[in-house]
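Shown next, in structure tokens, is the structure this report addresses.
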Amino acid sequence: MAKLWITRPMTAAVTARAQAEFDVDLRQDTGVLSRAEMLRALRDYDVVMPTLGDGFSAEIFAEAGPSRCRLLANFGVGFNHIDVAAAQAQGVAVSNTPGAVTDATADVALTLILMSARRASEGERLVRSGNWPGWHPTQMLGQHVSGKRLGVLGFGRIGQAIARRCHHGFGMEVFYVARSDKDAGFVATRMPDVVSLAREVDVLVVAVPGGGETRHLVDAEVLAAMRPEAHLVNIARGEVVQQQALISALQDGRIAGAGLDVYEFEPEVPQALRDLDNVTLLPHLGTATEEVRSAMGHMALDNVAAFLAGKPLPNSV
Ligand code: NAP
């Protein structure tokens, strides 16, 4: 029987299904795979379910040599930690879990938009400090969100779900950058480049995949183009935003604030960022609900099942 390795503890429902349907080893560690574990994954298992941070680089595939593993059924839609070309060159297919993550991640983007614009983290810290002097008319004034202009960098499943919420829920005007025109079902204006998008909007949300092509797409030039009252939100991948440039922009008050779910060198979050009041910091919560993590696990297992049955992968990348 084919051997499956699930590299992180899963929800009870996903674990039960994996044990019922497959010959599975369940890794109990919640941390990323070590180099030795990745080599073992490729050499000792037919199918592996890796996830965020498991760096299956070209180097790892080369070092592993001809591998027993034939499928990396990634748990998550983002697969920038896997060198897909190197995997395919070794005959290893890769699948992911698109769609299952969309609404939950869009919800966290909305959380960050509102928290950043309305200074919710700062206000919460004030109340917890015991130093809140009480309400007064000019205390902690933030930015009004309703009716403002939203910019979405990466107008795919998650980007459009964010825009839909902002357009229908908050009456926001939507602008976006993507590689091709999109029809979101409501008016959304495609901008020619990220700098023009940044210049146009009150809230700029990053929703492109990570990887070489999008690394530092939001750099010092883009941040300089943003308005001083604008907010940046990143729910995509940390590396898309040049973190040091963002820290400088926030320290100098060149933008009003930022809401981050992801970090360039995750899980490291620089002290300089943690010291700032005008940034909201979440621990990569995008898909963190029981239902969504179960749906992601089932989708990854659907790919495993199809693969082992010799059927086409439902979510090949
Ligand atoms: P998607 O449907 O593939 O959408 C990606 C969008 O980015 C598309 O509109 C695509 O445009 C655009 N894009 C890609 N490369 C680009 C480039 N170089 N320049 C400009 N636009 C570019 O993906 P999704 O399902 O929305 O997911 C997006 C990302 O969110 C994932 O890859 C993942 O990294 C991240 N994510 C984070 C969390 C979290 O927990 N925070 C959870 C889920 C996902 P075209 O269609 O024109 O190519």
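The values are calculated or read from the model by the stated rules, or taken from the named source; none is laboratory data. Just so we're clear, the structure is a prediction, and the values are computed from it rather than from any experiment. Methodologically, a virtual Cβ is constructed for each residue, glycine included, from the backbone with ideal geometry; neighbour enumeration extends over all protein chains shown.
Among (1) under 30 Å from Ala258 (Cβ atoms); (2) modelled with pLDDT of 95 or more, where does Gly99 come up short?
Only one criterion in (1) under 30 Å from Ala258 (Cβ atoms); (2) modelled with pLDDT of 95 or more is unmet by Gly99, namely (2).
Out of curiosity, is Gly253 touching a residue at least 24 places away in the same chain (Cβ under 8 Å), on the phi > 0 side of the Ramachandran plot and not β-branched (Val, Ile, Thr)?
yes
Which count do you get for residues in the range 88-115 that are more than 7 Å from the ligand (Cβ to nearest atom), under 16 Å from Asn315 (Cα atoms) and either touching a Leu at 6+ places or on another chain (Cβ under 8 Å) or β-branched (Val, Ile, Thr) (or both)?
Of the residues in that region, 5 qualify.
In this structure, is Ala306 outside any helix (DSSP H, G or I) and either of a type outside the set (S, T, N, Q) or modelled with pLDDT of 95 or more (or both)?
In short, no.
When you go through Arg43, Arg70 one by one, which is the residue that is more than 25 Å from Pro267 (Cα to Cα) and in contact with a strand residue (DSSP E or B) (Cβ under 8 Å, 6 or more places away or on another chain)?
Just a single option satisfies the conditions, and that option is Arg70.
Return only the number of the condition from (1) at negative phi; (2) touching a residue at least 40 places away in the same chain (Cβ under 8 Å) that Arg119 does not satisfy.
(1)
Yes or no, residue by residue, for (1) touching a helix residue (DSSP H, G or I) at 6+ places or on another chain (Cβ under 9 Å); (2) under 26 Å from Gly76 (Cβ atoms):
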position: Leu223; (1), (2): yes, no
position: Pro228; (1), (2): no, no
position: Val233; (1), (2): yes, yes
position: Gln243; (1), (2): yes, yes
position: Leu246; (1), (2): yes, yes
position: Arg254; (1), (2): yes, no
position: Gly259; (1), (2): yes, yes
position: Tyr263; (1), (2): yes, yes
position: Glu266; (1), (2): yes, yes
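Being touching a Leu at 6+ places or on another chain (Cβ under 8 Å), at pLDDT below 95 and surrounded by 16 or more Cβ atoms within 10 Å (Cβ to Cβ), is that true of even one residue in the range 67-84?
Yes, the range 67-84 contains a residue that is touching a Leu at 6+ places or on another chain (Cβ under 8 Å), at pLDDT below 95 and surrounded by 16 or more Cβ atoms within 10 Å (Cβ to Cβ).
If a residue counts only when it is among the aromatic types (Phe, Trp, Tyr), which strands (runs of 3 or more DSSP E) contained entirely in the range 172-243 have at least 1 such residues?
Output list reads 173-177.
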